[in-house]
Amino acid sequence: RQADGRKVLRSSIREFLCSEAMFHLGIPTTRAGTCVTSDSKVVRDIFYDGNPKNERCTVVLRIASTFIRFGSFEIFKPPDEYTGRKGPSVDRNDIRIQMLDYVISTFYSEIQEAYSDNTIERNAAFFREITKRTARLVADWQCVGFCHGVLNTDNMSIVGLTIDYGPFGFMDRYDPEHVCNGSDNTGRYAYNKQPEVCKWNLGKLAEALVPELPLEISQVILTEEYDAEFDKHYLQKMRKKLGLIQLELEEDSKLVSELLETMHVTAGDFTNIFYLLSSFSVDIDPSKFEDFLEELTSQCASVEELKVALKPQMDPRQLSMMLMLAQSNPQLFALIGTKANINKELERVEQFSKLQQLTADDLRSRNKRHWKEWLEKYRVRLQKEIESIGNADAWNTDHVKVMNSNNPKYILRNYIAQNAIEAAENGDFSEVRNVLKLLEHPFEEAEGFQEVKEDAEEEGAAATAAVCAQETRSRQSYCSKPPLWAAELCVT
């Protein structure tokens with residue numbers, strides 16, 4: 001952060017574990033080869049709050065076919081007409097052409113061969129392919145609740161990989177406006193904004209490819225291909241997550257959106273609810289249905305969890321002053337640019353106020369009602385699947401198999417990563433190895449899972465020191481909803 005070229009243990013462990021987790025989830029990504037730390041220290045102000053600390057310097061070996069990004073082509077951009085800003089290699093079209101030729105011939109060789117006699121058509125085919133890859137990639141992210149955190153053009157791979165794991169986070173409680181980056185004050189990279197911002201980045205890549213690819217060609221490709229490819233891939237993945245393996249009906253999109261809305265209003269755990277749905281049966285008897293409802297609602301946030309999650313973030317006096325400014329001087333208020341934040345804060349205040357009157361029984365009853373309504377629609381849709389094939393037993397076997405291979409039981413939740421980091425910072429890397437081993441089989445029940453123990457002679461007293469951090473926090477199952485203390489975690 002001070003241009004010292006140093007990475008620290010904390011962020012290195014997160015990147016190492018998450019890039020491997022994504023690979024085993026089947027999502028295109030860079031890989032992690034090694035994570036090597038040292039006794040050298042560097043000062044970092046983690047939360048930009050004036051409280052710096054010494055952290056151990058660490059190196060992560062990352063592996064990919066290429067690390068060229070969208071932003072690599074922006075170094076040639078001409079001066080901006082308003083700001084005068086320009087790329088560091090402005091006017092070096094010779095290098096840009098050489099780099100574009102290299103990218104296409106090396107990583108898109110089939111396109112190079114098909115259009116070897118027409119450069120414009122070749123470049124258009126390349127842009128169409130990276131547009132589709134990017135759309136499919138972000139659809140994959142949305143389907144596992146992954147939030148990247150910083151989706152600028154320099155964090156977009158030219159071959160469609162997940163690249164640069166900084167302030168990422170997997171969603172726990174489903175919230176379409178979830179922001180995983182503590183320094184993203186405007187929510188630019190919120191979960192529901194990811195598809196839109198990736199499309200915007202492709203638009204910037206298109207601008208950087210002019211004149212080798214005229215904008216009138218690339219913009220048409222982006223308009224026609226991106227949304228269609230995203231919607232198609234997203235719905236295909238969601239059908240698999242819901243076990244809809246026989247029919248592709250128009251109503252499926254509505255069923256998915258109603259599921260997510262139910263998950264939102266009940267504050268359901270995104271990963272665990274999808275995982276539980278594979279045990280829902282069309283002909284489930286009433287008593288077992290009630291048990292299933294109970295299990296499903298146990299994965300929704302409690303009153304206590306909601307109070308922590310929805311606690312107002314702004315001092316009441318500050319909020320009052322901002323509202324007064326909005327009334328007395330709307331032009332100045334508009335210049336400050338916080339209208340969206342104020343509206344969101346007012347919404348939090350209202351929700352938090354309502355929570356004070358809500359009992360645990362009332363919340364459970366309300367959540368059960370919401371889930372019962374959606375499950376009835378899901379049951380009807382599953383019945384259509386069975387009727388279309390005739391063999392219910394064969395369908396059910398395939399249906400469960402598909403769901404269990406598309407709904408992970410284990411993801412790298414922030415609290416899991418934090419436990420591993422704290423142990424490693426105290427010299428015990430066994431928890432990092434435990435988590436890595438688990439993430440290599442995200443869809444499998446961890447029966448017989450043996451925790452990795454460090455060699456006593458190798459680790460010595462360092463492993464004992466790590467116990468201090470673990471004793472203060474009760475050990476959670478790796479697939480549990482996050483504990484209350486996890487709400488205090490902030491990743492920037």
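With respect to Gly160, determine if the residue is open to solvent by less than 30 Å² (accessible area, probe 1.4 Å), out of contact with any helix residue (DSSP H, G or I) (no Cβ under 6 Å at 6 or more places or on another chain) and in a loop (DSSP other than H, G, I, E, B).
no
Being of a type in the set (A, V, I, L, M), assigned to a loop (DSSP other than H, G, I, E, B) and either under 30 Å from Glu305 (Cα atoms) or touching a residue at least 24 places away in the same chain (Cβ under 8 Å) (or both) narrows it down to one of Val150, Val197, Val103, so name that one.
Residue meeting the stated conditions: Val150.
If you scan region 165-199, which residues turn out to be β-branched (Val, Ile, Thr) and open to solvent by 30 Å² or more (accessible area, probe 1.4 Å)?
Val179, Thr186 - these are the residues of region 165-199 that are β-branched (Val, Ile, Thr) and open to solvent by 30 Å² or more (accessible area, probe 1.4 Å).
Which ones in region 65-98 are among the aliphatic types (A, V, I, L, M), under 19 Å from Asn201 (Cα atoms) and not in a loop (DSSP other than H, G, I, E, B)?
Ile75
Does any residue in region 1-27 that is assigned by the TED database to the domain that holds Gly145 come within less than 7 Å, Cβ to Cβ, of a residue that is in a loop (DSSP other than H, G, I, E, B) and among the acidic types (Asp, Glu) six or more places away or on a different chain, and which pairs are these?
Taking only residues 6 or more apart or on different chains, not a single pair turns up.
I'm trying to understand the selection: among the residues of region 123-152, which are surrounded by fewer than 20 Cβ atoms within 10 Å (Cβ to Cβ) and of a type in the set (Val, Ile, Thr)?
Within region 123-152, just Val150 meets the criteria.
Out of curiosity, is Gln331 open to solvent by 20 Å² or more (accessible area, probe 1.4 Å) and under 30 Å from the mean Cα position of the chain (by Cα)?
For Gln331, the condition - open to solvent by 20 Å² or more (accessible area, probe 1.4 Å) and under 30 Å from the mean Cα position of the chain (by Cα) - is not met.
Those residues that are charged (D, E, K, R) and in contact (Cβ under 8 Å) with a residue 12 or more places away in the chain, I need them from region 113-127; list them, please.
Listed by number, the list holds a single entry, Arg122.
Restricting attention to region 247-255, does a residue exist that is in contact with an Asp or Glu (Cβ under 7 Å, 6 or more places away or on another chain) and farther than 29 Å from Arg128 by Cβ?
Scanning region 247-255 turns up at least one residue that is in contact with an Asp or Glu (Cβ under 7 Å, 6 or more places away or on another chain) and farther than 29 Å from Arg128 by Cβ.
Got at least one residue in region 55-76 being buried (at least 20 other Cβ atoms within 10 Å of the Cβ), at pLDDT below 95 and among the aromatic types (Phe, Trp, Tyr)?
yes
Being polar (S, T, N, Q) and open to solvent by 30 Å² or more (accessible area, probe 1.4 Å) is the filter here; which residues of region 200-232 pass it?
Gln219, Thr223
Applying the selection to region 106-121, what residues are touching a helix residue (DSSP H, G or I) at 6+ places or on another chain (Cβ under 8 Å) and in a helix (DSSP H, G or I)?
Ile111, Gln112, Ala114, Ile120
Got a number for residues in region 1-49 being in a loop (DSSP other than H, G, I, E, B), touching a strand residue (DSSP E or B) at 6+ places or on another chain (Cβ under 8 Å) and closer than 28 Å to Pro408 by Cβ?
3
Answer yes or no as to whether Lys41 is touching an Asp or Glu at 6+ places or on another chain (Cβ under 8 Å), open to solvent by 20 Å² or more (accessible area, probe 1.4 Å) and not acidic (Asp, Glu).
The answer is yes for Lys41.
Which numbered condition in (1) within 28 Å of the chain's Cα centre (by Cα); (2) on the phi > 0 side of the Ramachandran plot is the only one that Val400 fails?
(2)
Within region 51-60, identify whether any single residue is in the same structural domain as Arg433 (by the TED database) and out of contact with any strand residue (DSSP E or B) (no Cβ under 8 Å at 6 or more places or on another chain), and answer yes or no.
yes
Being among the polar types (S, T, N, Q) and surrounded by fewer than 15 Cβ atoms within 10 Å (Cβ to Cβ) is the filter here, so list the residues in region 360-404 that pass it.
Ser365, Gln383, Ser388, Asn391, Thr397
Restricting to region 8-24, name every residue that is buried (at least 22 other Cβ atoms within 10 Å of the Cβ), under 16 Å from the mean Cα position of the chain (by Cα) and not hydroxyl-bearing (Ser, Thr, Tyr).
Arg14, Phe16, Leu17, Cys18, Ala21, Met22
The values are calculated or read from the model by the stated rules, or taken from the named source; none is laboratory data. Treat the numbers as computed from the prediction; the structure is a model and nothing was measured. Note that we place each Cβ from the backbone using ideal geometry, even for glycine, and neighbour counts take in every protein chain shown. For accessibility, only protein heavy atoms count, side chains too; no ligands or nucleic acids. Shrake-Rupley method; radii C 1.70, N 1.55, O 1.52, S 1.80 Å.
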